[in-house]
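What follows is a short report on a single structure.
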Amino acid sequence: MSDTKPLFVIKKNLQKSKQTNVYFDQVLTYNVLEDICKKIFQTTVFDVNFVDNKYEDDCLQRGYNIGRLAYLHYKDEIHYITFSEQNPGGRDSSVQSVPPAFERFLTYQINQKRKRCTFHYYFFPGAIQKITEYQKFMYRLMKSSGVHFLNGESLKIKPFLSIDDILLNRKNLSENNQANRSSYITKEDSNHFLFFGKTYGANKYASFMLCYAMSKVAENDQKITFYEMIEKKLKSIPQNLENILKKCRNVNVQRMNESLDKKSIKSSRKIRSHMFLRNLLQYLGDKECAFCECDIPEVIDGAHVWAVASIKKQNITEEKKFSFVVDKNNGMWLCKNHHKIFDSGMISVLNDGQIRIADRIGESKRRFVERITNKTKLDDKYITPEFISYLEKRES
């Protein structure tokens with residue numbers, strides 16, 4: 001480490017430098033580095049070392065600059081800094097580089113066991129003129145994860161207060177078609193969150209960042225199960241990301257793929273397919289009962305139209321049974337009351353989506369079911385030829 005004066009070490013080759021002919025040593029001017037050094041160490045005296053792809057040390061890996069990253073060290077302190085784009089113009093790429101940079105910081109911190117190690121974000125002058133709602137959401141996630149903002153005070157970035165706070169703001173983004181759909185999150189009960197995260201391409205970093213932020217704001221009795229959505233030949237989350245999440249006190253990482261789910265379905269007397277829940281989240285969106293207006297996720301189940309018990313009795317291949325069990329068209333979101341009532345046959349759905357209460361039930365039961373069922377027809381998103389086919393299989 002440098003003991004005489006602060007030293008910046010920065011890889012000059014960005015991911016697309018060869019195509020764009022733009023290198024980081026052109027972007028990071030002396031004035032920018034001076035401003036950063038002054039904010040961190042209260043001095044304007046420093047050295048800078050721009051290095052090529054072959055360079056590696058305890059802080060940087062070989063290869064190009066992943067995450068628009070620099071580090072500044074002096075005496076026993078290490079400071080990682082990642083940067084916005086100079087002119088983001090509302091593009092989300094200005095925050096997409098943060099998760100991979102943050103992962104490198106956390107990996108270094110864990111491997112070196114350094115306590116005096118900080119991660120910063122720096123806005124280039126003029127970079128906050130056109131901030132999107134998604135970028136604001138990401139900045140709050142970063143703040144919740146422990147990222148220190150060196151500037152951008154006018155944005156008044158505040159951390160999230162809880163996991164529910166994160167989910168509420170994320171839902172608002174989703175309604176504006178701006179949410180990151182690389183992951184799907186719901187509640188199994190008041191203290192258990194299910195996180196279905198895609199683990200390929202850039203999605204793996206976005207899923208990681210979101211889950212890490214959730215773990216940081218979680219209450220002591222809350223836990224998160226991170227299901228890695230491994231599909232076909234797609235890879236699981238990189239080992240270093242998995243190791244970081246496993247070190248979080250409240251995160252349980254599980255790999256979810258078809259073969260594991262098939263094994264669970266075949267061996268279990270009571271079917272509980274998390275792949276089915278994931279498919280419903282992708283297809284129907286956040287949990288909301290199809291028969292009433294309840295949207296409290298911890299009291300809403302993924303209910304099968306054609307019951308799993310009936311599917312298992314069919315004289316068909318295990319592969320076909322599995323496809324029926326996890327099919328998004330074979331499910332509805334139902335609150336626990338309506339799930340039980342639907343399974344008991346007190347309420348049914350016609351092929352056109354009309355919701356009907358059975359005539360055979362007693363008057364007192366009928367009054368109760370009528371009182372809690374304030375929808376008379378399913379939302380159109382449910383009514384597909386496949387869904388109708390499952391209704392017919394259910395009735396037969």
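The values are calculated or read from the model by the stated rules, or taken from the named source; none is laboratory data. Please read all numbers here as calculations on a predicted model, not as lab measurements. Cβ sites come from the backbone with ideal geometry, for glycine too, and all protein chains shown count toward neighbours.
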Residue list for the range 337-349, filter: aliphatic (A, V, I, L, M) and either farther than 15 Å from Y382 by Cβ or more than 36 Å from the chain's Cα centre (by Cα) (or both): I341, M346
Options G197, G201; residue that is at pLDDT below 90, farther than 27 Å from D301 by Cα and not in a helix (DSSP H, G or I): G201
Meets criteria (more than 23 Å from K38 (Cα to Cα) and either surrounded by fewer than 14 Cβ atoms within 10 Å (Cβ to Cβ) or hydroxyl-bearing (S, T, Y) (or both)) for S94: yes
Residues located in the range 330-340, provided they are crowded, with 18+ Cβ neighbours inside 10 Å and either farther than 13 Å from H304 by Cα or among the polar types (S, T, N, Q) (or both): N330
Residue within the range 287-305 that is part of a helix (DSSP H, G or I), of a type in the set (D, E, K, R) and outside the structural domain of L167 (by TED's automatic domain parsing) present: yes
Members of the range 1-35 that are hydrophobic (A, V, I, L, M, F, W, C) and either touching a Leu at 6+ places or on another chain (Cβ under 6 Å) or free of Cβ contacts under 8 Å to residues at least 12 places away in the same chain (or both): F8, V22, F24
Selection count, the range 119-135, where residues are under 24 Å from K216 (Cα atoms) and either in a helix (DSSP H, G or I) or touching a residue at least 60 places away in the same chain (Cβ under 8 Å) (or both): 5
Test: K233 is over 25 Å from I110 (Cβ atoms), modelled with pLDDT under 75 and loosely packed, with under 14 Cβ neighbours inside 10 Å: yes
Any hit, the range 118-125, residues being surrounded by fewer than 17 Cβ atoms within 10 Å (Cβ to Cβ) and more than 20 Å from I10 (Cα to Cα): no
Residue list for the range 136-190, restricted to those being assigned to a loop (DSSP other than H, G, I, E, B), of a type in the set (S, T, N, Q), loosely packed, with under 15 Cβ neighbours inside 10 Å and modelled with pLDDT of 90 or more: S162
Wholly enclosed strands (runs of 3 or more DSSP E) of the range 1-93 bearing at least 3 residues closer than 21 Å to Q135 by Cβ: 77-83
Count of the range 73-86 residues which are out of contact with any Ser or Thr (no Cβ under 9 Å at 6 or more places or on another chain) and farther than 15 Å from D25 by Cα: 1
Single match in N49, N65, N21 (criterion: at pLDDT below 95 and more than 20 Å from V98 (Cα to Cα)): N21
Condition met for D343 (in contact with a helix residue (DSSP H, G or I) (Cβ under 9 Å, 6 or more places away or on another chain) and of a type outside the set (G, A, S)): no
Among (1) at pLDDT 85 or above; (2) in contact with a strand residue (DSSP E or B) (Cβ under 9 Å, 6 or more places away or on another chain) - the single one R114 does not satisfy: (1)
Test: residue in the range 73-86 that is under 27 Å from E219 (Cβ atoms) and surrounded by fewer than 19 Cβ atoms within 10 Å (Cβ to Cβ): no
Subset of the range 368-385 (residues that are outside any loop (DSSP other than H, G, I, E, B) and surrounded by 10 or more Cβ atoms within 10 Å (Cβ to Cβ)): F368, V369, E370, I372, K377, K381, Y382
From T82, T4, T44, residue being out of contact with any Gly (no Cβ under 8 Å at 6 or more places or on another chain), of a type in the set (S, T, N, Q) and modelled with pLDDT of 90 or more: T44
